[in-house]
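The values are calculated or read from the model by the stated rules, or taken from the named source; none is laboratory data. All values reported here derive from a predicted model rather than from experimental measurement. All Cβ positions, glycine included, derive from the backbone under ideal geometry; neighbour counts span all protein chains shown. Surface accessibility is based on the protein's heavy atoms, side chains included, excluding ligands, DNA and RNA. Shrake-Rupley method; radii C 1.70, N 1.55, O 1.52, S 1.80 Å.
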Amino acid sequence: MREGEKVDTFDLQENVDINQRVEFEIQNGKYEGRYPTQVVDIIDNNRFVINAPFSQGRVIRLSTNARAKLFLRWKTAMYSLTVQLVEKDFDSTHLFKLEKKGPARKIQERRYFRLEIY
């Protein structure tokens, strides 16, 4: 997967919407892979809450402090965020509270660039 270029001015509160679909990627271990989920709440510019991802009808069990990547679309670009699982809540629905670690990265999805010719 392409890493993309670093974005210093990515603001969670401005660039992420509640109920927005995102992909949660676990990079190693038993549950390695990408899982679709959605944003439930935005706490501040570094912390937010997502629905816990499911695999084969069961909630994915991650330990607190586990690191993962989150992929989201905003306007015409795709961004990746490195996140850390801060807290789990399994009361009425299964939720993961995540904290953003490091800068966001803008991912170029096209393999080619556009060359404007006059």
| Total residues in the range 52-70, condition in a strand (DSSP E or B) and surrounded by fewer than 18 Cβ atoms within 10 Å (Cβ to Cβ) | 6
| query | Being open to solvent by 70 Å² or more (accessible area, probe 1.4 Å) and in contact with a helix residue (DSSP H, G or I) (Cβ under 8 Å, 6 or more places away or on another chain), is that true of even one residue in the range 24-46? | reply | yes
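Right, Lys88: surrounded by 15 or more Cβ atoms within 10 Å (Cβ to Cβ) and either more than 21 Å from Asn15 (Cα to Cα) or among the aromatic types (Phe, Trp, Tyr) (or both) or not?
In short, yes.
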| Only one of these conditions is not met by Leu95: (1) buried (at least 16 other Cβ atoms within 10 Å of the Cβ); (2) under 11 Å from the mean Cα position of the chain (by Cα). Which number is it? | (2)
| Which of the residues spanning the range 30-65 are small (Gly, Ala, Ser) and free of Cβ contacts under 8 Å to residues at least 24 places away in the same chain? | Gly33, Gly57, Ser63
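Here is a yes/no grid of residues against (1) more than 16 Å from Lys100 (Cα to Cα); (2) acidic (Asp, Glu):
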residue	(1), (2)
Asp17	no, yes
Val22	no, no
Ile42	no, no
Ser63	yes, no
Leu70	no, no
